[in-house]
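The values are calculated or read from the model by the stated rules, or taken from the named source; none is laboratory data. Note that the coordinates shown come from a computational prediction; the quantities given were computed from them, not determined experimentally. Cβ coordinates were reconstructed from backbone atoms using ideal geometry, including for glycine residues, and neighbour counts include every protein chain displayed.
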C-alpha cells in the first residue's frame, strides 16, 4: 500500500472497511506524521494520542466481532481532528484564548458527537484564532498555524490549523466551522477544497452567541469526493431537512452524487463586495489570475460564464460586525483575566457590551432584509463565481502588525490596532461573510498556483455560491473541474 497519508479519505475509508488496514495502523501512522511535522507547522494545539489509540482499538474490536452483513459506521476508523472551538469530551477546549480557564469538556459538542458516532477517530485539537474571530489562526497560547506551502505564511482562519493539517497530510480531511468564511478562507490559503453547507443542513458546532445564525460546519478536504464523504456522515443523523435545503438532499447521498456530471449551468461572475464601500480594495493580480483560471475551466466544461453586477446595501458592514461580535461580548471571562485577551478581541468585546439590545435587534432585522435582497439577485444565475481571496496567503503576523513569525506571541508583541487588523481581514476576504448572512452553500476550489504548476508557489482559489440545497451541485461542479 502507498503511504497511508497519500490516500484519499474515500480510499482510506475503503481500506479500513475491507480490513486491508486496521484503525490502529491508520491512527498510529497519522500520529507519527503529527509528531514529526507539527512542531514547525503549528497545526495542532493538543494531540490526544492515547485517547485516539484506545478509540482505534475499540473500532478494531468492533470490526472483529461484527456479524456477517452487519454495516460498519460510515467513517469507521477514519482519523480526523477538531478545531479548538469544538468540545470533545475529556479534552480542554481553549477557544484560542489565554483568558479562559483550562477545563476538559464534560461532553462532546454536536459536531464531534456526529462524526464520532459515524466512526471517526479524533487525533486532537487544531489551532484557531481567539474565539474564532479572525481570518488568521494566531493566538497567545500556542505557536501560530502556518501554511504548509510557505511556513512564513498564514494558513488562514478560523479553521486554519485544520486546513494546515489536511494540506500537510497530518489527517486525511477535517471538519471546519464557518461563520464568515472560516472554512473557505483557510481552504483557499492551503490549496484545499472547502465546503460551507447551507444553514441548517449539518450540526452547526459552535453556535452559542450567534444571534444571526451565521455558523455552519463543513469539510476541508483534498477532493470533492472526500468532502462528500464527510457531508454524508454529517447529515446522516437526521439533521437533513432542518435548513434551507430541506428535501433537496441527493438520492443515494452526496458521495454518489459527486460521480454524476452537473447539467449545463449559467454562472454569474462578480467582483462586487458588500465591504467595498467602507473598505475600498483592489484584488491582487494573483486573485484575478485565479478567477480567470476558474472562468476558463468552467467554460471548457460547457457552462455559460458571464460577468454580472451585484448591488449590496452599504449598511452591511456595520450590521454584520454587530452580529459577528455579539457572542464575544457575552462570553464569560473573569474581569481579572480580560487583560489576557488580544487587542482585537478586547476591543470588540468592549464595543459589544456597550451596544444596546435594540441596536443588535436592528442589525439582525437589516441582515434578514439583506439576505432577501441578495438571494433575489443571485437567483438570476445557477451559481455565482468570485475569487476566494483578494490577496495571496498573508505572512504570519501580518494582520496584527507583528510579522516576525516567531513561535509564541508574547503579550507585548501584539500590535494594538484592532480596527486596522479588522480592515486588513475584510480586504483579504471580501467575498465570504455575505454568504453566511444569506445562509447559502458555497465552495472554495484551488484552481491556481502562483508558481504555475499545482503544488508550486502559493495556492489561490475560486468561490462558487449556490442556491439553497445546492451542496451536491457545488461538489459535482468541483469534481467536474478535476477536484
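Candidates 366, 370: the one that is assigned to a helix (DSSP H, G or I), touching a helix residue (DSSP H, G or I) at 6+ places or on another chain (Cβ under 8 Å) and under 30 Å from residue 445 (Cα atoms) is 370. Listed by first and then second residue, the pairs linking a residue in the range 150-175 that is at positive phi and in contact (Cβ under 8 Å) with a residue 40 or more places away in the chain to a residue that is part of a helix (DSSP H, G or I) and buried (at least 24 other Cβ atoms within 10 Å of the Cβ), with Cβ atoms under 6 Å apart and 6 or more places separating them unless they lie on different chains, are 156/185; 156/186; 156/189. The listed residues are 274, 283, and the only one of them that is surrounded by 13 or more Cβ atoms within 10 Å (Cβ to Cβ), within 21 Å of residue 384 (Cα to Cα), touching a residue at least 40 places away in the same chain (Cβ under 8 Å) and in contact with a strand residue (DSSP E or B) (Cβ under 9 Å, 6 or more places away or on another chain) turns out to be 283.
Screening residue 41 on (1) farther than 17 Å from residue 173 by Cα; (2) within 23 Å of the chain's Cα centre (by Cα); (3) buried (at least 19 other Cβ atoms within 10 Å of the Cβ) shows it passes everything except condition (1). When 21, 16, 75, 85 are checked against the criterion of being touching a residue at least 12 places away in the same chain (Cβ under 8 Å), over 30 Å from residue 179 (Cβ atoms), in contact with a helix residue (DSSP H, G or I) (Cβ under 7 Å, 6 or more places away or on another chain) and part of a loop (DSSP other than H, G, I, E, B), a single residue qualifies: 21.
Of the residues that sit in the range 250-265 and are closer than 20 Å to residue 235 by Cα and surrounded by fewer than 13 Cβ atoms within 10 Å (Cβ to Cβ), which one is modelled with the lowest pLDDT? Only one residue tops the list, namely 251.
Can you say whether residue 62 is in a helix (DSSP H, G or I) and either without any contact (Cβ under 8 Å) to a residue 24 or more places away in the chain or within 18 Å of residue 160 (Cα to Cα) (or both), as far as the supplied structure shows?
When the stated conditions are applied, residue 62 passes them.
Please indicate, with yes or no, whether at least one residue in the range 107-114 is free of Cβ contacts under 8 Å to residues at least 40 places away in the same chain and in a loop (DSSP other than H, G, I, E, B). For the range 107-114, residues free of Cβ contacts under 8 Å to residues at least 40 places away in the same chain and in a loop (DSSP other than H, G, I, E, B): present. With respect to residue 416, determine if the residue is surrounded by fewer than 16 Cβ atoms within 10 Å (Cβ to Cβ), in contact with a helix residue (DSSP H, G or I) (Cβ under 6 Å, 6 or more places away or on another chain) and at pLDDT below 95. Yes, satisfied. Scanning the range 314-351 for residues that are more than 25 Å from the chain's Cα centre (by Cα), closer than 23 Å to residue 429 by Cβ and either exposed (fewer than 15 other Cβ atoms within 10 Å of the Cβ) or free of Cβ contacts under 8 Å to residues at least 40 places away in the same chain (or both) turns up 314, 351.
In the set (1) surrounded by fewer than 24 Cβ atoms within 10 Å (Cβ to Cβ); (2) more than 17 Å from residue 41 (Cα to Cα), the condition left unmet by residue 152 is number (2). Of the residues screened, residue 99 is not one that is touching a residue at least 40 places away in the same chain (Cβ under 8 Å), part of a strand (DSSP E or B), buried (at least 18 other Cβ atoms within 10 Å of the Cβ) and at negative phi.
This table checks each residue for (1) surrounded by fewer than 24 Cβ atoms within 10 Å (Cβ to Cβ); (2) at pLDDT 95 or above.
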position: 442; (1), (2): no, yes
position: 445; (1), (2): no, yes
position: 456; (1), (2): yes, no
position: 471; (1), (2): no, yes
position: 476; (1), (2): yes, yes
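In the range 261-345, counting only helices (runs of 4 or more DSSP H) that sit wholly within it, the ones holding 1 or more residues that are within 24 Å of residue 138 (Cα to Cα) and in contact with a helix residue (DSSP H, G or I) (Cβ under 9 Å, 6 or more places away or on another chain) span 316-324, 326-330. Only a single criterion out of (1) within 26 Å of residue 227 (Cβ to Cβ); (2) over 15 Å from the mean Cα position of the chain (by Cα); (3) buried (at least 19 other Cβ atoms within 10 Å of the Cβ) is not satisfied by residue 163, namely (2).
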